Each structure stands twice: as C-alpha cells, then as structure tokens.
Amino acid sequence: MDWYPLVNSLRVALISSVIVFFTGIAAAWYTSKLPTTIKGIIDVILTLPLVLPPTVMGYFLLRLLGPKRLIGAWILENFGVRLSMVWYSAIFASVVVSFPLMYRTARGAFESLDKNLVYSAQILGLSNTYTFWKIIMPYCKKGITAGTILSFARALGEYGATSMISGYTPGRTATISTTVYQLWRTGNDSLAMKWVLINLAISFIVLIAVNIIERGRK
Amino acid sequence: MSLYLDIHKHFRGFKLDVRLDVGNDTLAILGASGSGKSLTLGCVSGIIKPDEGKIILNDKTIFDSKNNINLPPQQRHTGLMFQNYALFPNMTVRENLCISQKSNAAEIDDMLSKFGLERVKDLYPSQISGGQQQRTALARMLLSRPAILMLDEPFSALDSHLRFQMERELLDVFHNFDGTSILVSHNRDEAFRLCERLAIFNNGHIEVEGKKSEVFANPQTRTAAILTGCKNISRAERTGKGKFFATDWGIELQCNKLDDAVKFIGIRMHSITNEIHNENSFECRVAQVIENPFSFTVMLIPKNARENLRPIGWEIEKSLWHKVKNETVNVCLPPESLLLLRD
C-alpha cells in the first residue's frame, strides 16, 4: 500500500494549522479591539469561507494562483515557482477553509478576557508583549487549543478546494480525501475502505482530544 | 508627595470634569455608581486617556494634553487595586507578587509573612479565600513600589466580618505608605474610618472636597448629605430672616445662617433630640417604629402638618425610647444641627 496520501495529508494539515494558528490569533486580537461597526464588517469577511462551498473558495484560489492569473503568473515569472497543481497548493486551500474556525474560537476567548488583568499588568509595569504571551495567552489557552485542533481536523478533511487547486496526481498531490474519491470512482472499493478507516481513526482521535480539553475547562 | 489633576473627558454621553489637588493624605472618593470615580482612577493610572487636561504625580507630569505628554501605564508607577483584584489566574500567589520585578526575594518573603500568605504562597488565586486574594492584591501592588496607592471599592467582595479585619489591615498599609492614597468607596463609614480627606463625586464632577470632619459637619450639597448618610432631607423655602419652610415636612424652622443658594435642609437622624428648646420644637405623631440592634428609628410626622408629608426619622437609644415612648412625642431639631444644602 502506498502511504503517500497519509503523509501528504498530515503535512498539509500540520503546516496549514501552524499558519492558521498565528494568522487566526492575530486577526482575532486586532478585530476584538476595533469599534463595533467595523468589527462587524471584518467579522463577516473573515468568517465567509466557513459558510461558502469549498468549491467556491477553490474557484477564487484558482483565479488568483493559477499559472496565468494575477499572483500565480507573477510568482512563476519572478521565482519560477508554480502555485497550483503541486502538493503545497493544498496548503492554500486548507488555510483558507480552516482559518475561520481558528479566528472565531480565538476571538471568543479574547472577548471573554477580563480587561482588568491586562490593565493590572500594564500598571504593574509589564510590557505589552510579555502581557500577551504570559497572561492573555495562558488565560485563553483552552479556547485557542480547541480552535487549533478544530482547524487541523478541518484541514485534514478538506476536499473541495483542494481538488481544484492541487488536483489528484498519485504520489504527487494525492491526499486522503482526494484518494478516497478517486479509488471509489475507479471501482477500487476495498482500498477506498482502508483509507476511510484510516481517516475515521484520525478524526476520532482529534475529536476525543477536543473533548478532553473542553472538559479541562471545568 | 502629591497628586494634582485637572481632566475632562466625554465618554458615552457622560461628561467627566474633575479637578483635584491632594497632598500626602489619604483621600476617600465617595459617589454613586456611575459618578466617574473609577474613570478618574483609570485616567491617573493611564489605562484611560482623558480628552484634555493635566495630571501631575509627585511633581512629575504624567499627562498633559497641551504639551502632548501621555506616559503609558508602565511608566507612571501607580498602584491600582481593582474591585475584583485582577490576580493573574495562571500564576501562584508568589508568582503574582514577583511579577513587577522591583523587589528582591527577601522583600517578597517579608511581604508574604506580613500578610499571612506563607501557607498559600504556592496556591493559585482560585484556590484561596477572598481575604487572602485581597491581601495578595495589596502585597502585589506594594511590591511594585508605586508612587500612589489607589483602591477601587476594595471591600465590595468581602462579607462584613472579613471587611472589618481587612479595613484594619488597610489602615496599617495607608499609615506606612509614604505618598498619596486614594480609596474609592460608596460606604461612608469605611471612607470615614480609613481616610483623612473626602471628595464627593456627583455626575462626573467633584461637588465637595475637604477634611472628612468638615464634610460630615457641613456637607454643603444635597448629594454630599445623602452620601455622608443624612436620611432626612427636605426642600426648603425661605420665609424670613433666618427662617424657612421645610416643604416636605410641613414645618417652619429657625436657623442661624441662611443664604439664597440653600435649596434643601437636612438633619441627621441622631441629631434630633427630645430636649425641648424654644426654637424648632414640635409635637409629632409616631408613624412607625423600626427596631435596630442597638437603637430605634422612630418615624415622626409633625402634629399640625398635613398628612401626606414625608416623615422625619429619629434615631434614639433603646433605653431612652422606653422612657419617652408614646403616641405623640415632643422633639427638637436644634438649629446648629441643621444642614443647609445647595442642589
């Protein structure tokens, strides 16, 4: 059995989780400080990928990153790097689709933050960076961890946008989800079943992890 | 050691307009909720920016809108204890005390023993009692070596027994602190016991400020009278030289000093006597008797006044009330005890 889809799926999901971790938290932190009306508009834009069909997101990505499109052509010309139909194209798809999960859970955590803790830290002379990493982040740890795991799970299960931007090439761009579809389409039912079970196992572990963390919240 | 501030701020339809000059004293700020007390402390500590004005702490300008000075909270070296203490929940008591890094280990251990926190020093804030949380917050504030102490309603989360004990500890803290201390409160008793000066806040500005004994003896305004615990207040209309009519009580009263600015008259419940003088003595009907642990509050309606008037409360010792108890009593509102109040 060729394990490439598992390895590829895991690395795409891991890399996109790391990206989403930082961008989601940064977006949540800065929007939580904005005035209400602007916050509402930005919130809608940042949450949109959660409710749009992944194929619509895939369409947008292709329009931007395809070899003859705005960003894709520029990168190809200046750096000689293709952005579509390669394994790491799936990272773009996973990041866009899982970003709202991280953003929303982190924002919820920041909004429940006791403002007096931040004020106290400032008055006691602590720098804003120290306060963010040593007081705010530990306070919001559970929400942020749950958000990270959820985005990892979403990235792992991403199919629609991924199949459009990185396609399916066995051994090159195949992920678990695109492999299952291809195996089913070509009538290889028993192998498809194996990948389904592997995917189930991973999802199971992830969801149990989320529950354990949620319970730790008391 | 002093604090001078003159600040203005519009905040969600609320107008803050505060001018204050305190020396090396402890000042209590008394005011109803939403009168701008906490906002003022926020402006001094730097977590809230006034629209304009000036704040000078110990001869150092920390805020001046004209010269574009606005030091961040980290550089103001103020001490502010929040109502909910704002202890860092992910840090133990000892770690909370170490946080400002302005004191060495020996000083921290000293502080732990001084506040009786040695046994809980490795516990988290959620694992210790309310009194211990407050001591931790106090110790953390003192260890940051602040130039001023500010406490925002420090006792509101404590039950009355603990409150009394913490009040005594806080009295020591104030006594040993070399600098200005400010206590925000809405409890006149605790303000009186803990502080030397008193500032009465009403709707975003300071109405009365002065020595506590003077403010209690002559509150000057209706709000100050209410906040210093005066329960009997009536509208007043001038009727002649040194005479006026207390509209809500339906009686004419004589008093020594009366000017046109006086709009209300007040008398504290314990200032009323049953010793009969020539002036301001009235026969009153007893409308209601309320028993307190160590006294009675007797609600009186003057005999010849109309019925639908506001009764006057009289606080009287239990033994005395048992002697004079009757359906009608004669009482006197001594002219020197009347509080003459502006609006």
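The values are calculated or read from the model by the stated rules, or taken from the named source; none is laboratory data. Computed from a predicted structure; not experimentally measured. Note that we place each Cβ from the backbone using ideal geometry, even for glycine, and neighbour counts take in every protein chain shown.
The table for this structure:
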{"read-out": "Qualifying residue in the stretch B:104-126 (condition: more than 8 Å from every other protein chain (Cβ to nearest Cβ), assigned to a helix (DSSP H, G or I) and touching a residue at least 40 places away in the same chain (Cβ under 8 Å))", "value": "yes"}
{"read-out": "The stretch A:27-60 - residue that is surrounded by 15 or more Cβ atoms within 10 Å (Cβ to Cβ) and polar (S, T, N, Q) and, of those, farthest from A:Arg107 (Cα to Cα)", "value": "A:Thr47"}
{"read-out": "Failed item in (1) buried (at least 16 other Cβ atoms within 10 Å of the Cβ); (2) within 14 Å of another protein chain (Cβ to nearest Cβ); (3) touching a helix residue (DSSP H, G or I) at 6+ places or on another chain (Cβ under 9 Å), with B:Ala147 passing the rest", "value": "(3)"}
{"read-out": "One residue from A:Tyr119, A:Tyr168, A:Tyr130 being surrounded by fewer than 20 Cβ atoms within 10 Å (Cβ to Cβ) and in a helix (DSSP H, G or I)", "value": "A:Tyr130"}
{"read-out": "Top-ranked residue of the stretch B:2-33 - restricted to ones that are on the phi < 0 side of the Ramachandran plot and part of a loop (DSSP other than H, G, I, E, B), ranked as surrounded by the fewest Cβ atoms within 10 Å (Cβ to Cβ)", "value": "B:Ser33"}
{"read-out": "Residue match in the stretch B:266-283 (condition: part of a strand (DSSP E or B), closer than 14 Å to B:Leu340 by Cβ and either without any contact (Cβ under 8 Å) to a residue 60 or more places away in the chain or not assigned by TED's automatic domain parsing to the domain that holds B:Leu20 (or both))", "value": "yes"}
{"read-out": "Conditions (1) away from chain A (no Cβ under 13 Å); (2) in contact with a Lys or Arg (Cβ under 7 Å, 6 or more places away or on another chain); (3) buried (at least 19 other Cβ atoms within 10 Å of the Cβ): number failed by B:Asn70", "value": "(3)"}
{"read-out": "Which listed residue, of B:Val120, B:Val93, is crowded, with 23+ Cβ neighbours inside 10 Å and over 28 Å from the mean Cα position of the chain (by Cα)", "value": "B:Val93"}
{"read-out": "Candidates B:Ala261, B:Ala225, filtered to the one that is at pLDDT 90 or above, among the hydrophobic types (A, V, I, L, M, F, W, C) and either touching a His at 6+ places or on another chain (Cβ under 8 Å) or over 14 Å from B:Arg310 (Cα atoms) (or both)", "value": "B:Ala225"}
{"read-out": "Residue in the stretch B:207-214 that is under 30 Å from B:Phe155 (Cβ atoms) and touching a residue at least 60 places away in the same chain (Cβ under 8 Å) present", "value": "yes"}
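Here's the yes/no breakdown for (1) within 14 Å of chain B (Cβ to nearest Cβ); (2) touching a residue at least 60 places away in the same chain (Cβ under 8 Å):
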| site | (1), (2) |
| --- | --- |
| A:Phe79 | no, no |
| A:Val86 | no, yes |
| A:Ala106 | no, yes |
| A:Tyr119 | yes, no |
| A:Ile149 | no, yes |
